[in-house]
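Please read the structure below before turning to the comments.
The values are calculated or read from the model by the stated rules, or taken from the named source; none is laboratory data. As the structure is a computational prediction, the values presented were derived from the model and not from experiment. Cβ: placed from backbone, ideal geometry, glycine included. Neighbour counts: every protein chain shown.
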Amino acid sequence: MKFLTIFLSSIIFLKLQAQPSLTITNFGAMADGKTINTKFIQSAIDSCNKIGGGTVYIPSGVFMTGFIQLRSNVQIYLAAGAVLKGSASVADYTVGKSVKGMFYGEDLVNVSFAGEGEINGNSDAFFNVAKQHNYIDFDKHFVRQGQAFFDALLPADGPVFYAARPDMTLVIMHSQQIKITGIRFVNAPSWTMRIGDCEDVLIDGISIANNPLIPNSDGIHLTTSRLVRVANCNIIAGDDALIVTGFGDDINMDNASDGKVKKTYQYGNKTGIAENIVATNCIFKSNSAGIRVGYGKGNMRNLIFSNIIIHQSNRGVLINTREEGSVDNVLFNNFIINAKHLGGTWWGRGEPIHISSYPISKGINNGTISNIRFSNMHIVAETGIVVWANEMGKVKNLTFDNLSIKINNSNYVTAFGGNIDLRPTTDIATNIFKRDLPAFLLYNVDGVKLKTVSNIFNGKMPAFYTYGLEVADSKNVVINDCDFTPASNVFVPVFIHKSLPVKLKK
């Protein structure tokens, strides 16, 4: 038996040794924090791919780089103390007429990033934090504060200005068997990571620490991917921290297709549906949404988010349909959410949960949001939960079970509160507009079950905060064993209008 154990151990050892490891310094890379090592790193990756695969090893030190093309069967391993830092020149990411990010690959199999090192997008080189990045997509005539809303905007709240920047730090498209584990991403100048039309993906134990003032610095963006597991991640982002969308190659991917001839791929998700995705045991902080589900032409379904903390975020959970793609069968369980109003032109007004359906432009039949369940959620925020549909049937069959929300006041509530933010919509009048707000708003919704839901308003609130629950223009609402409290004794705990049937149970 002892001989057999030794023999089997030898076989395993030989099998592990069969995978070569190529160190980038052997190809000329220098860890001096100045040399642009793009060609040396690319040579190591290409060589590893040509010999059938293995590991490209990044030793300790700061290695500057521009655009890198990924290859199949190659693991990039960053040792403790290793830093791959993006060049400060946009020219080092320019391929043909397009500006890329640090890493890009498509139609790949068996690709991974692992280790204890860091990938640094060097966003500081491209942004002016003293100047605000203004994209005005709303009208002062429709917001509660009028011109004062604009006067309160400050660069210190972001988003901040840029003239030019590289694209997404890591993009993997139409691929499968993808693993990203252990490493740390920092200072992404745009989306940190896009996993597009991929399947069989594991993202585990990574951290993302972006400057929260930088616009579009998303964390993990899963576009039309399936069979994805995200676990044990800590993400700080200037835009949404974790995103599931139905986007295809038509969004931000001029290098995936020439726009004339549709490419065919050997690998990846060919269903056109974002589905069967699990995210668990994560901590998110965002100047936009901690978790966002929605957008795109493809459908999104069968998603589970569990054991999540979202803190100091402009929005907690955002589900919205603006294009043809629908969202169906989603579970959110065991959440702690702390949401707050932010200044700047960030989308959102501090909602801990925002669900909305509205077409992005005229002529689009925007998708539905259905069969969504929220359970075991503890929320502290500066505004309430908003559920809003542009027409009956677009948002339906929602369940809220064991949810509590405490609403606090702040200076930002006075400066920016008392408005609904539905951006982007067909009309500037519906992007941001004045409305009195309850702790929990249901507007134009078909089928909602509220069980063991409660709220409190903490202290004296502005006059635009009203009821504990408002049900407007909705139907098939069941309220069971709930405890709603108004913002002041001027209002009733629950206000129901133009809504039938509504059942109240104890």
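Would you confirm, using the coordinates I've provided, whether Thr271 is touching a strand residue (DSSP E or B) at 6+ places or on another chain (Cβ under 6 Å) and of a type outside the set (Asp, Glu)?
no
Every residue, every condition in (1) outside any loop (DSSP other than H, G, I, E, B); (2) of a type in the set (Phe, Trp, Tyr), yes or no:
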| site | (1), (2) |
| --- | --- |
| Thr271 | no, no |
| Val278 | yes, no |
| Asn281 | yes, no |
| Gly290 | yes, no |
| Tyr295 | yes, yes |
| Phe305 | yes, yes |
| Ile309 | yes, no |
| Leu318 | yes, no |
| Glu323 | no, no |
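Just wondering, is there one or more residues in the stretch 119-127 that are surrounded by fewer than 18 Cβ atoms within 10 Å (Cβ to Cβ), over 24 Å from the mean Cα position of the chain (by Cα) and of a type outside the set (Ser, Thr, Tyr)?
no
Got a sec? Which of Leu504, Leu442, Leu450 is modelled with pLDDT under 95, out of contact with any Gly (no Cβ under 9 Å at 6 or more places or on another chain), farther than 21 Å from Phe416 by Cβ and among the aliphatic types (A, V, I, L, M)?
Residue meeting the stated conditions: Leu504.
Just checking, which of Asn211, Asn216 is surrounded by fewer than 24 Cβ atoms within 10 Å (Cβ to Cβ), in a loop (DSSP other than H, G, I, E, B) and at pLDDT 95 or above?
Asn211
Among Asn366, Asn390, which is the only one that is farther than 19 Å from Ile337 by Cα and in contact with a Leu (Cβ under 9 Å, 6 or more places away or on another chain)?
Unique residue meeting the criteria: Asn390.
Which strands (runs of 3 or more DSSP E) sit wholly inside the stretch 151-207 and have at least 1 residues that are modelled with pLDDT of 95 or more?
Of the strands (runs of 3 or more DSSP E) lying wholly inside the stretch 151-207, those with at least 1 residues that are modelled with pLDDT of 95 or more span 170-173, 176-181, 184-186, 193-196, 199-204.
Which of the residues spanning the stretch 416-449 are buried (at least 17 other Cβ atoms within 10 Å of the Cβ), of a type in the set (A, V, I, L, M, F, W, C) and touching a residue at least 60 places away in the same chain (Cβ under 8 Å)?
Phe416, Ile420, Leu422, Ile432, Phe433, Val448
What about Ile407, is it under 19 Å from Gln145 (Cα atoms), surrounded by 19 or more Cβ atoms within 10 Å (Cβ to Cβ) and either modelled with pLDDT of 95 or more or out of contact with any Leu (no Cβ under 8 Å at 6 or more places or on another chain) (or both)?
Answer is no for this residue.
So, Glu351, is that one among the acidic types (Asp, Glu), in contact (Cβ under 8 Å) with a residue 24 or more places away in the chain, out of contact with any helix residue (DSSP H, G or I) (no Cβ under 6 Å at 6 or more places or on another chain) and buried (at least 24 other Cβ atoms within 10 Å of the Cβ) or not?
In short, yes.
Can you work out which of the residues in the stretch 450-472 that are outside any strand (DSSP E or B) and touching a residue at least 40 places away in the same chain (Cβ under 8 Å) is nearest to Arg373 (Cα to Cα)?
Asn458
Please determine whether any residue of the stretch 219-230 is of a type in the set (Val, Ile, Thr), outside any strand (DSSP E or B), modelled with pLDDT of 95 or more and buried (at least 24 other Cβ atoms within 10 Å of the Cβ).
Yes, the stretch 219-230 contains at least one residue that is of a type in the set (Val, Ile, Thr), outside any strand (DSSP E or B), modelled with pLDDT of 95 or more and buried (at least 24 other Cβ atoms within 10 Å of the Cβ).
Within the stretch 301-333, restricting attention to residues that are in contact with a Ser or Thr (Cβ under 7 Å, 6 or more places away or on another chain), within 26 Å of His174 (Cα to Cα) and not small (Gly, Ala, Ser), which residue is surrounded by the fewest Cβ atoms within 10 Å (Cβ to Cβ)?
For the stretch 301-333, the residue satisfying everything is Asp328.
Looking only at the stretch 382-406, count every residue that is out of contact with any Gly (no Cβ under 6 Å at 6 or more places or on another chain) and in a strand (DSSP E or B) and tell me the total.
Counting residues in the stretch 382-406 that are out of contact with any Gly (no Cβ under 6 Å at 6 or more places or on another chain) and in a strand (DSSP E or B) gives 15.
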